[in-house]
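The values are calculated or read from the model by the stated rules, or taken from the named source; none is laboratory data. In this text, all values refer to a predicted model and were calculated from it rather than measured experimentally. Glycine gets a Cβ as well: all are built from the backbone with ideal geometry, and neighbour counts include every protein chain shown. To get the accessible areas, we keep the full protein, side chains included, count just its heavy atoms, and leave off ligands, DNA and RNA. Shrake-Rupley method; radii C 1.70, N 1.55, O 1.52, S 1.80 Å.
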Amino acid sequence: MATLIHTLADHSNDVNYCAFSSSCLATCSLDKTIRVYSLNNFTELPYSPLKGHTYAVHCCCFSPSGHVLASCSTDGTTMVWNTHDGRMLAVLEQPSGSPVRVCRFSPESTYLVSGAADGSVVLWNMQSLKLYRSGNVKDGSLVACAFSPNGNFFVTGSSCGDLTIWDDKMRCLYNEKAHDLGVTCCDISSQLISDGEHGFRYFQMASCGQDNQIKLWLILFADFLGVELKYKCTLNGHSAPVLACAFSYDGQMLVSGSVDKCVIIYETSTGNTLHTLSQHTRYVTTCAFAPCSPLLATGSMDKTVNIWQFDLKQPCAGNTVENESKVAVEDWSEDDVSAWLCAQDLADFVGLFKMNNIDGKELLNLTKESLTNELKIESLGLRSKILQKIEELRMKMISVSVTIPDEFLCPITRELMKDPVIAADGYSYEKEAMENWISNKRQSSPMTNLPLHSLMLTPNRTLKMAISRWLETQQK
């Protein structure tokens, strides 16, 4: 059962879009602002609202890491924001100056797509924050966009009803008339669909439009076959144009919002209606599932965003610790790995890891080379983060299986130290833990509670070498 647990009513005009990261919810509006909320208690972050656009904000989206937020507007720009402090990082001007209707990050944050009312599509390089490639749809305004989980292609939808598939070099690969009266939204599931007869695996896509319909599609993307788009079925239930659709992160559910003021949640495999939500008093313009969390956000022209809670079937961050303690990592299933990714704030890689059949054994064997060459993760920062989390997982495996010498444990976290430092009290701590201790204006020793006469931290290289040697003996 879906339960309404919170309503956000801070915007002074229509809510146009909402988007989740693993820790935040962003909303944008005709009132020219973007608001950002913590998922802990749905309070607005100190730097919110974000102001800079001079006209209505149509769309917003988080980068896969959640560290960056993009927003686009009638003013012809796409703005990039730092989600830690709300700083504006860049203003990307659509070359034509046309109102920008939609923006999306690629799965590795290599690119940001912006699509405009004149049909122009721009790929921005996120390292240089410069234009990389551009193109145009055949006809109409560009109003929808979705990336494949592996980042090899993306799909755009236009007001003339076309779905267009592009590769990451902005080459148009396929075009299909999908909705007679115009596409309004599209989304691609991270869950692959297998074709037992031919051995192919398909990406599943949903599109919705002014024709009151939601259509499910299967996309086959293969080097030797090119791109094939197959119509699967139509989901009914809305009595008016459908303005938004989105898959849950496990692909098992699809949500839609409509001019009929209703939100419908479908079971993807059967097309059956699971829930119909009717609390909004005007058109429902946007809907989004949270990654690995039983939350759904729906936004409306009634100026509100409703937060719903219900049971998700997929493994979520909450049960990862239990899995880690009960099942050896090398015995993890692909679903266990998905749950672990969610818990590490890496939920955007669930689809990519599933597509490559990464189970526990494969996870522990991942290297910088395999992340680059096999999984095609171009971002150095994201590769480093994944490898760091895998190393932490290995250390946790060691700590579960053996007794760690007490002097190797940080007194604050009680975890094996990776970067020990000596504080003014003479004790050694994990550097990050002690820095956090000091940054919270604690100027007393965690061990003695006496004042620290100095806040200087000195690397304890001798202890670090001892820990390293001990780890080597455990891994033999």
* Asked: Which ones in the stretch 1-27 are part of a strand (DSSP E or B), polar (S, T, N, Q) and under 23 Å from S63 (Cα atoms)?
  -> N16, T27
* To do: Output the residues belonging to the stretch 423-455 that are in a helix (DSSP H, G or I) and either surrounded by 10 or more Cβ atoms within 10 Å (Cβ to Cβ) or more than 37 Å from the chain's Cα centre (by Cα) (or both).
  => K431, E432, A433, M434, E435, N436, W437, I438
* Asked: Is it true that some residue in the stretch 85-93 is over 19 Å from the mean Cα position of the chain (by Cα), surrounded by 15 or more Cβ atoms within 10 Å (Cβ to Cβ) and of a type in the set (K, R)?
  -> no
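Looking at the stretch 456-475, can you tell me whether even one residue there is in a loop (DSSP other than H, G, I, E, B) and among the small types (G, A, S)?
No, the conditions are met nowhere in the stretch 456-475.
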* Asked: Looking at S134, S106, which is the one that is small (G, A, S) and out of contact with any Phe, Trp or Tyr (no Cβ under 7 Å at 6 or more places or on another chain)?
  -> S134
* Structure fact -> Flagged in the stretch 268-288 as touching a residue at least 12 places away in the same chain (Cβ under 8 Å) and open to solvent by 40 Å² or more (accessible area, probe 1.4 Å), in numbering order, are S269, T273, L274, T276, S278, Q279, T281, R282, Y283
* What single numbered condition from (1) open to solvent by 60 Å² or more (accessible area, probe 1.4 Å); (2) under 24 Å from V242 (Cα atoms); (3) of a type outside the set (V, I, T); (4) at pLDDT below 95 fails to hold for R101? -> (4)
* State the number of residues belonging to the stretch 253-305 that are at pLDDT below 95, out of contact with any Ser or Thr (no Cβ under 6 Å at 6 or more places or on another chain), assigned to a loop (DSSP other than H, G, I, E, B) and not aliphatic (A, V, I, L, M). => 10
* Being touching a Leu at 6+ places or on another chain (Cβ under 6 Å) and either over 24 Å from F349 (Cβ atoms) or open to solvent by 60 Å² or more (accessible area, probe 1.4 Å) (or both) is the filter; apply it to the stretch 171-206 and report the residue that is modelled with the lowest pLDDT. => R201
* Asked: What are the residue pairs meeting all of these: first residue in the stretch 345-372, first residue at positive phi, second residue of a type in the set (D, E) and part of a helix (DSSP H, G or I), Cβ atoms under 8 Å, and 6 or more apart or on different chains?
  -> N357/E334
* What about C160, is it under 30 Å from H238 (Cα atoms), touching a residue at least 24 places away in the same chain (Cβ under 8 Å) and either in a strand (DSSP E or B) or open to solvent by less than 40 Å² (accessible area, probe 1.4 Å) (or both)? -> no
* To do: Sort out which residues of the stretch 97-120 are touching a Ser or Thr at 6+ places or on another chain (Cβ under 7 Å) and not in a strand (DSSP E or B), and write them in order of number.
  => S98, P99, E108, S109, T110, A117, D118, G119
* To do: Please work out which residue is nearest to N136 (Cα to Cα), limiting yourself to the stretch 62-78 and to residues that are open to solvent by 10 Å² or more (accessible area, probe 1.4 Å) and part of a strand (DSSP E or B).
  => T77
* Asked: Among all residue pairs at least 6 apart or on different chains, which show Cβ distances below 6 Å where the first residue, located in the stretch 225-253, is surrounded by fewer than 20 Cβ atoms within 10 Å (Cβ to Cβ) and the second is assigned to a loop (DSSP other than H, G, I, E, B) and among the hydrophobic types (A, V, I, L, M, F, W, C)?
  -> A240/V259; P241/V259
* Asked: S128 is checked against (1) hydroxyl-bearing (S, T, Y); (2) in a loop (DSSP other than H, G, I, E, B); (3) closer than 15 Å to T156 by Cβ and fails just one. What number does that condition carry?
  -> (3)
* Is it the case that A117 is out of contact with any helix residue (DSSP H, G or I) (no Cβ under 9 Å at 6 or more places or on another chain), modelled with pLDDT of 95 or more, more than 27 Å from G351 (Cβ to Cβ) and buried (at least 17 other Cβ atoms within 10 Å of the Cβ)? -> yes
* Structure fact -> In the stretch 30-58, anything open to solvent by less than 30 Å² (accessible area, probe 1.4 Å), in contact (Cβ under 8 Å) with a residue 40 or more places away in the chain and not in a loop (DSSP other than H, G, I, E, B) is listed as I34, V36, V57
